[in-house]
Amino acid sequence: MVQDVTFIKKPTQHANITWREKKSLYLNQIRTVKAESLTVVACDKMTNMESYFTAVQTMPGVAEKAFKGTYGDYLWYYSEIGKILADTLGVHSAISRDYNSQLTNHKKMAAIA
């Protein structure tokens, strides 16, 4: 299960790819994993999402420099994961619903700021 959800960077294959290209590869990887593995992805990414958006809100300017992608990149990435969860687990599954609710709340906070 861990192997299903861990992005394995091969130095020769992914030496000079951008943050967004790396994330695209990971998204393609998780599109085909089992539901149990995708649940692990959701929990991990919910924690990461919370950390990222909290850092951006509490340390504007500083947090953005610490992360490799832009704010828009992170919104795109977490939105794509939300779509994968909804498509694979179903829009009514608790984990998909919780993940997408958290993402929606962060998007609303961004619109207010």
Selection over segment 51-75 where residues are farther than 17 Å from Met109 by Cβ and within 12 Å of the chain's Cα centre (by Cα) yields a count of 2
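Taking segment 47-76 only, how many residues are hydroxyl-bearing (Ser, Thr, Tyr) and without any contact (Cβ under 8 Å) to a residue 12 or more places away in the chain?
Here is the first cut: in segment 47-76, the residues hydroxyl-bearing (Ser, Thr, Tyr) are 47, 51-52, 54, 58, 70-71, 74.
Filter once more, so that each one left must be without any contact (Cβ under 8 Å) to a residue 12 or more places away in the chain: 47, 51, 54, 58, 70.
Of the residues in that region, 5 qualify.
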Segment 13-34, residues that are among the aliphatic types (A, V, I, L, M), over 22 Å from Thr104 (Cβ atoms) and in contact (Cβ under 8 Å) with a residue 24 or more places away in the chain: Val33
Identity of the residue in segment 77-106, out of contact with any Gly (no Cβ under 8 Å at 6 or more places or on another chain), touching a residue at least 12 places away in the same chain (Cβ under 8 Å) and aliphatic (A, V, I, L, M), that ends up nearest to Lys45 (Cα to Cα): Ile81
Give segment 1-58 a look and list any residue that's at pLDDT 90 or above and either of a type in the set (Lys, Arg) or on the phi > 0 side of the Ramachandran plot (or both), or say none. Arg20, Lys22, Lys23, Arg31, Lys34, Lys45
If you go through Val40, Val62, the only one that is buried (at least 16 other Cβ atoms within 10 Å of the Cβ) and either of a type in the set (A, V, I, L, M) or touching an Asp or Glu at 6+ places or on another chain (Cβ under 9 Å) (or both) is Val40
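The values are calculated or read from the model by the stated rules, or taken from the named source; none is laboratory data. This one's a predicted model, so the numbers in the text were calculated from it and none came from an experiment. Note that each Cβ is placed from the backbone with ideal geometry, even for glycine, and that neighbours are counted across all protein chains shown.
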